[in-house]
Amino acid sequence: MADEIHPLAILGSGPAGLTAALYSARANLNPVLIEGVSPGGQLTITTEVENYPGFEHGIQGPELMDVMRRQVTRFGTRFVSGEVGAAKLANSPFELTVDGEVLRCEALIIATGASAKLLGIDSEKRLMGYGVSACATCDGAFFKDKEVMVVGGGDTAVEEATFLTRFCRKVTIVHRRDQLRASKIMQDRARKNPKIAFVWDSVIDEIFGEQKTGVNGVRLKQIKTGATAYVAIDGVFMAIGHQPNTTIFQGQLDMDELGYLKVRPGSTYTNIAGVFAAGDVADRVYRQAVTAAGTGCMAALDAERWLEARHG
C-alpha cells in the first residue's frame, strides 16, 4: 500500500463516508475507503430506521448500510478493512497507518463519526436497538404512549426527555447527582412539563428484557445508600454525551473543546488543505444519518474541486 498514492482516502463507512465515496467514485477519483472497527457506523446497531428519505415503510439500519455499500461498490470504491492507528497530516501526501501498513493519499475525508457514551453494562449492549437507544430523535416515535427513562443530567438529556414527551406517556430522567447540569432555561422547562419526573443520585445497573419483546424494566441503584429497586419501564434512552472519534488527529486538526473537528463555515474544509470532515465527527448538534450523508456529499465535492485546482 505504501508505494501507491491514492487521489482520495475516506475514513469511515457510515452514511457520511459512503456518500462521500459515492460522489467521489462517480467523479472518477477512485476513492479508497477504510472501514474502521465498526463497518457501517452507528446505524448497524439501529433496528428500524423510519426517518431516512426514500424508504416509505422504513428500513433496518444494517440493511440500509448494506444497500449503500453495494451502491458505492458498483462505482468502483475500493474498501480496506482495518483501523487507522496513526495519521501524519503535516506533509503531502498524507500518511495513514492501517493495521501496521502505510496508506498514502493526496486528499483525505474524515468521516469517523462520534460514539455515544454508554453505561457499559452487558444488557445495554444486548438490548441496543431493542428498547435501548442513544437517539430520541431517531427512535422516540416507536414509544408512543409508553413510559421511558432518560439517563443523564445535561442539556442533551433534558432536550431528549422534552422531545420524548411528544410521544410518551411518562419520561423519567435518571441522574447520578442530586441536581441537573443542564442550563437553567432547560431545567425550568423540564420541571414545568407534567410528563417529566426525576430520580436523583441513582444509576441503572441492569436493564431487563429480550430482543423479541423489548425492554420491560430496569434495576436502579441508589449511589449514596447502595440500595436497589426494580422499576417497570418500556424503554431506556442514553443521553450522557457523545465522543467524537478524533483521538488520532489531536495536535494536527483544529477541534472544539469536546473534540469535534472544526470546519470552515459552509464547507467541509478543516485547517489543513486537502483534509475534509463529514458527518458526526464534525457535527455536535444534529447527528442524523441524513445530515451525515449530506455533509458526505459536500466533502466529496470539496475534495474533487480541491484536487482539480491542485492539478490544474
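The values are calculated or read from the model by the stated rules, or taken from the named source; none is laboratory data. The model shown is predicted, which means the values in this text are computed figures rather than measured ones. Here Cβ is always computed from backbone atoms with ideal geometry, including for glycine, and neighbour counts include all displayed protein chains.
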Legend entry - One residue from Ala114, Ala20 being under 21 Å from the mean Cα position of the chain (by Cα) and over 30 Å from Gly214 (Cβ atoms): Ala20
Legend entry - Pairs where the first residue, in the stretch 117-145, is closer than 16 Å to Arg219 by Cβ and the second is surrounded by fewer than 19 Cβ atoms within 10 Å (Cβ to Cβ) and aromatic (Phe, Trp, Tyr), C-beta under 8 Å, 6+ apart: Ser123/Phe208
Inset, instruction - Tell me which residues, restricted to the stretch 286-312, are in contact with a helix residue (DSSP H, G or I) (Cβ under 9 Å, 6 or more places away or on another chain), over 18 Å from Leu33 (Cβ atoms) and hydrophobic (A, V, I, L, M, F, W, C). - result: Val290
Inset, instruction - Would you tally the residues in the stretch 117-130 being part of a loop (DSSP other than H, G, I, E, B), under 16 Å from the mean Cα position of the chain (by Cα) and closer than 20 Å to Gly58 by Cα? - result: 1
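If the requirement is being more than 28 Å from Gly17 (Cβ to Cβ), in contact with a strand residue (DSSP E or B) (Cβ under 6 Å, 6 or more places away or on another chain) and modelled with pLDDT under 95, which of these qualifies: Ala116, Ala157, Ala136? So that I can check it myself, show each step before the final result.
Values: Ala116 fails: more than 28 Å from Gly17 (Cβ to Cβ); Ala136 fails: more than 28 Å from Gly17 (Cβ to Cβ).
Selected residue: Ala157, the only one of Ala116, Ala157, Ala136 that is more than 28 Å from Gly17 (Cβ to Cβ), in contact with a strand residue (DSSP E or B) (Cβ under 6 Å, 6 or more places away or on another chain) and modelled with pLDDT under 95.
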Inset, instruction - Kindly indicate whether Tyr286 is in contact (Cβ under 8 Å) with a residue 60 or more places away in the chain and closer than 30 Å to Thr172 by Cβ. - result: no
Legend entry - Filtered residues of the stretch 51-77 (kept if among the basic types (Lys, Arg), closer than 18 Å to Gly41 by Cα and surrounded by fewer than 16 Cβ atoms within 10 Å (Cβ to Cβ)): Arg70
Inset, instruction - Collect the residues in the stretch 49-103 that are over 27 Å from Phe249 (Cβ atoms) and touching a helix residue (DSSP H, G or I) at 6+ places or on another chain (Cβ under 8 Å), keeping them in residue-number order. - result: Val49, Glu50, Asn51, Tyr52, Pro53, Phe55, Ile59, Pro62, Leu64, Gln71, Phe75, Gly76
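Checking the structure you have, find out if any residue of the stretch 36-44 is modelled with pLDDT under 95, within 21 Å of the chain's Cα centre (by Cα), β-branched (Val, Ile, Thr) and in a loop (DSSP other than H, G, I, E, B). Give the steps one after another, and end with the answer.
Keep residues of the stretch 36-44 that are modelled with pLDDT under 95, which gives 36-44.
Keeping just the survivors that are within 21 Å of the chain's Cα centre (by Cα) gives 36-44.
Narrowing further to those that are β-branched (Val, Ile, Thr): 37, 44.
With the extra rule that they be in a loop (DSSP other than H, G, I, E, B), the set shrinks to 37.
For the stretch 36-44, residues modelled with pLDDT under 95, within 21 Å of the chain's Cα centre (by Cα), β-branched (Val, Ile, Thr) and in a loop (DSSP other than H, G, I, E, B): present.
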Inset, instruction - May I ask you to say which residue of Val151, Val199 is surrounded by 21 or more Cβ atoms within 10 Å (Cβ to Cβ), in contact (Cβ under 8 Å) with a residue 12 or more places away in the chain and not small (Gly, Ala, Ser)? - result: Val151
Legend entry - the stretch 173-191 residues that are among the polar types (S, T, N, Q), paired with ones that are crowded, with 21+ Cβ neighbours inside 10 Å (beta carbon under 8 Å, 6 or more apart): Gln179/Gly153; Gln187/Val158; Gln187/Leu180
Inset, instruction - Please find, among Glu106, Glu101, Glu124, the residue that is more than 17 Å from Cys168 (Cα to Cα), buried (at least 18 other Cβ atoms within 10 Å of the Cβ) and in the same structural domain as Ala293 (by TED's automatic domain parsing). - result: Glu106
Inset, instruction - Considering only the stretch 131-232, give the helices (runs of 4 or more DSSP H) lying wholly within it that have at least 1 residues that are more than 25 Å from Ala289 (Cβ to Cβ) and of a type in the set (A, V, I, L, M, F, W, C). - result: 184-192
Inset, instruction - Kindly list, by first and then second residue, each pair from a residue in the stretch 18-36 that is within 20 Å of Thr291 (Cα to Cα) to a residue that is aromatic (Phe, Trp, Tyr) and part of a helix (DSSP H, G or I), limited to pairs with Cβ atoms under 8 Å and residues at least 6 apart or on different chains. - result: none
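Filter the stretch 179-210 for residues that are of a type in the set (S, T, N, Q) and more than 24 Å from Tyr130 (Cβ to Cβ); which is modelled with the highest pLDDT? Don't jump to the end; show me each part of the working.
Within the stretch 179-210, the subset of a type in the set (S, T, N, Q) is 179, 183, 187, 193, 202.
With the extra rule that they be more than 24 Å from Tyr130 (Cβ to Cβ), the set shrinks to 179, 183, 187, 193.
Details: Gln179: 92, Ser183: 87, Gln187: 93, Asn193: 97.
Looking at residues that are of a type in the set (S, T, N, Q) and more than 24 Å from Tyr130 (Cβ to Cβ), I get Asn193.
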Inset, instruction - Select from the stretch 249-301 the residues that are in a helix (DSSP H, G or I), in contact with a strand residue (DSSP E or B) (Cβ under 9 Å, 6 or more places away or on another chain) and among the aliphatic types (A, V, I, L, M) and write down the one among them that is farthest from Gly12 (Cα to Cα). - result: Met298
